[in-house]
Amino acid sequence: MAKQTATRGFRLHIGLYGRRNVGKSSLVNALTRQDVAIVSDTPGTTTDPVSKPMELQPIGPVVLIDTAGLDDSGDLGSLRMQRTRAMLDRCELVLLVTVAGVWGDEEAKLLHELKQRQVPMIVVFNQMDQGQPAAELVKSLEQQDVVCVATSATTSQGVDNLRQTIIDVAMAEKQEAPPLVRDLVPAGETCVLVVPIDKEAPVGRIILPQVNAIRDLLDGDACCVVVKETQLAAALENMRKKPALVVTDSQAFAEVDALIPADVPLTGFSVLMARHRGQFETQVAGAQAIANLRPGDRVLVAESCTHHPVQDDIGRVKLPRWLNKRVGGQLLFDTVQGHDFPEDLSPYKLVVHCGGCTMNRQEIHSRLGHCSRASVPATNYGLAIAFCLGIFERALAPFETSGMLS
Ligand SMILES: Nc1nc2c(ncn2[C@@H]2O[C@H](COP(=O)(O)OP(=O)(O)OP(=O)(O)O)[C@@H](O)[C@H]2O)c(=O)[nH]1
Ligand SMILES: [Mg+2]
């Protein structure tokens, strides 16, 4: 069930990187216990990255990404390399696959890059049936806090240990992510979730951040009331005690802000997402940078999903309208969708990202890192909308009390 419902943004992305012919595809097959990836002794068998979703309890849904060998040569090879490298932005854990006796520049460069990006990794010495890695190399890697594992994809030796090591490394990382909302609502108290059902709402379901908020509140033993903005007043009327928190879709911020009493904490789903996905303070500062925008400045709006824009679309119509109003003139807007993101951010004074429910933590981190290296402030829809509408302080107050913001 979880396999069907978890979309890509909530699956842990595990990339297998290494030279050609070391057994990356064979390891994907061994880990999934299925023949999903093509294996052969011809170097360069895997060309484009191939994703294989699987369940890895207790982590839950993960996706294994088999990639082309890092030492792929020639013109086509360099194109493949670009794809393989772009995929690195999405990987939250990397298995650096190698075999005994070949460790060299290729591996050292990748190791260095993963460290710089702060992507957790496991070095896998595959083909252990053919030979063991040099003890000094393993020792030196372990001294750098790199976890090393030996496997044989053909005999399955060490594969269970690799599976467990993936779980251990991933669980340690998971614990570092702040919860979505649970910590803001004490057990037994009520949280009201305001979910407008408008033209942009998908048919027959509610979107992932909302579903995840419900689950997170249930996990925290809180009570959860889900209403449309049109029933919010009735819901409050029906409650004997004020809610501990109201969370709204950012597009209904103004309405909800006006409806609920000043002493009831209010925030938005995308504000929760900004905190949950990380680099919250960077994104808060990004929203504050709206105050420095001038008419004629260029703003990049980045949407992670590739939905077909509707009339009155949030990213193309409403957000630009709110930003123009706040700035007091016309800004210039560019929009990108999906995994496309410009290398050159120099034309932009601000990047505004959607809540990013289809993107994983690592990809958001990579993008924010890219913006910060280019000295371009970055924020997300909810924070930007709250800032434009003058309810920024109210939307952030719940996090100040919980000590998340200084
Ligand atoms: N002896 C031995 N052979 C292995 C092992 N793992 C893979 N092989 C063999 O090594 C060859 C390459 O395996 P692949 O899984 O295709 O390697 P790859 O890293 O995906 O290669 P590219 O896709 O070309 O980058 C195949 O002939 C495999 O059968 C292992 O643990 N031991
Ligand atoms: Mg392969």
What whole-number distance in Å separates the alpha-carbon centres of region 274-298 and region 175-204? 22 Å
What is the local net charge at Leu141, summed over the other residues whose Cβ is closer than 13 Å to its Cβ (Lys, Arg +1; Asp, Glu -1)? -2
Once you've got the GNM for the chain with C-alpha springs shorter than 10 Å, pick whichever of Ala274, Ala395, Ala258 has the biggest mean-square fluctuation. Ala258
Point-charge dipole on Cβ atoms (K/R +1, D/E -1) for region 182-272, about Cα centre, debye to 20: 220 debye
So for Ser40, Ser346, what's the accessible-area order with a 1.4 Å probe, most first? Ser346, Ser40
From Cα coordinates alone, what are the radius of gyration and Dmax values for the chain in angstrom? 23.4, 72
Peptides 218-229, 261-272 ordered by average Cβ neighbours within 10 Å, highest first: 261-272, 218-229
Accessible area, 1.4 Å probe, largest first: how do Lys318, Lys115 sort? Lys115, Lys318
Could you work out the relative contact order of the chain, using alpha carbon pairs under 8 angstrom and six or more residues apart, expressed as a whole percent? 14 percent
Quick one: with all protein chains in place, what share of the accessible area of the chain is carbon or sulfur, to the nearest percent (1.4 Å probe)? 50 percent
At a Cα cut-off below 19 Å, give the aspartates and glutamates reachable from Lys318, other chains included and same-chain residues fewer than 8 away excluded. Asp198, Glu200, Glu229, Asp249, Glu255, Asp257, Asp297, Glu303, Asp334
Per-residue [θ]222 nm for the chain (sum of -39500 (n - 2.57) over DSSP H runs n ≥ 4, rounded to 500): -11000 deg cm²/dmol
So which lysines can Lys228 reach, going by Cα to Cα under 17 Å and dropping same-chain residues fewer than 8 places off? Lys199
For the chain, dividing by residue count, accessible area per residue (probe 1.4 Å) in Å² works out to 47 Å²
Interchain or long-range residues, amide H under 5 Å from Cys223's placed H: Gly188, Glu189, Thr190, Cys191
Quick check: from the Cα gyration tensor, does region 69-143 come out rounded (a/c under 1.5), prolate or oblate? oblate
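The values are calculated or read from the model by the stated rules, or taken from the named source; none is laboratory data. Please read all numbers here as calculations on a predicted model, not as lab measurements. We place every Cβ from the backbone using ideal geometry, glycine too, and count neighbours over all the protein chains shown. When the accessible area is computed, the model is the full protein with side chains, heavy atoms only, and any ligands, DNA or RNA have been set aside. Shrake-Rupley method; radii C 1.70, N 1.55, O 1.52, S 1.80 Å.
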